[in-house]
Amino acid sequence: MITSLQELIEELPKCSGSDYVRIAKNMQIPVSDFDECQSWDKESYTRNCLSRTDEYELILLCWEPCQKTPVHGHGGEECWVYMVDGLIRERHFSEEVEGGSPLPSGKSEIMRPGQLSYMNDMMGFHTLENIHSGRSMSLHLYMNPIDRCRVFDKDKKKFVVKEMEYDQVIEEEII
C-alpha cells in the first residue's frame, strides 16, 4: 500500500510493466500530501508534473468548479487517474463525429476521492469535468509520458494533434 506522495515518487522508478497497475490500485495518499504541489487557474485546470522519466509521468491536475478537458486520447499510452479530492465526471467517446461533436460511447462515471480510473486509446476518447461545487484534484499516472495526443477541436469539428504542456514542474525536494 502506498500511503504518501513521497513513497509513490520513490517507488515509481523501480517499476516496470504490471508494477504500475499494482501501484495504481494500492494508493491511499492523504490530500495534505499535495499542499506544496497545487496550482490553480480560474481559466483552465492546471497540469503539474510531479515526476517524469522515459517510462512514466506523474501529473497532478487541479480543477476549479466546472472546468473540464476537451475530448482527448492518450497518445497510445496507458493512463490511471486517482481521485485525490472533489468529484470528477469521466465520459467516454468514440472517434466518430456527428453534427460537429464526437459521439458518446455510453460510459459515464463519477469519481470520488480514493477511486481509480483507467484509460487507453483502444477504449476510445474521454473527457474529465469537475462537477464538485469546490475545487478538485486528480493524480494521473501515464505509462510512458505523453508529449502529444489527439484532442477534439470544436471549431474545426475534428480531432487534431496537440502538444502537451505543464503549468509547473515540481522540484522533488518540496514533496
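The values are calculated or read from the model by the stated rules, or taken from the named source; none is laboratory data. Treat the numbers as computed from the prediction; the structure is a model and nothing was measured. Note that each Cβ is placed from the backbone with ideal geometry, even for glycine, and that neighbours are counted across all protein chains shown.
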Which residues, taken from the stretch 62-85, are in a loop (DSSP other than H, G, I, E, B) and closer than 21 Å to GLU43 by Cβ?
GLU64, PRO65, CYS66, GLN67, THR69, PRO70, VAL71
Among the residues of the stretch 121-144, write down those that are of a type outside the set (Ser, Thr, Tyr), at pLDDT 95 or above and either under 15 Å from ALA24 (Cβ atoms) or not in a strand (DSSP E or B) (or both).
ILE131, HIS132, GLY134, ARG135, LEU139, HIS140, LEU141
Starting from the stretch 27-53, keep only residues that are assigned to a helix (DSSP H, G or I), then list their pairs with residues that are of a type in the set (Asp, Glu) and surrounded by 13 or more Cβ atoms within 10 Å (Cβ to Cβ) whose Cβ atoms are within a distance under 6 Å, requiring at least 6 positions of separation or different chains.
VAL31/ASP85
Out of all the residues in the stretch 102-111, is one or more closer than 19 Å to ILE131 by Cβ, exposed (fewer than 14 other Cβ atoms within 10 Å of the Cβ) and in contact (Cβ under 8 Å) with a residue 24 or more places away in the chain?
no
On the given criteria, is GLY73 touching a strand residue (DSSP E or B) at 6+ places or on another chain (Cβ under 6 Å), of a type outside the set (Asp, Glu), at positive phi and in contact (Cβ under 8 Å) with a residue 40 or more places away in the chain?
no
Selection over the stretch 86-120 where residues are outside any strand (DSSP E or B) and not basic (Lys, Arg) yields a count of 8
Boolean, ILE59 is buried (at least 16 other Cβ atoms within 10 Å of the Cβ) and outside any strand (DSSP E or B):
no
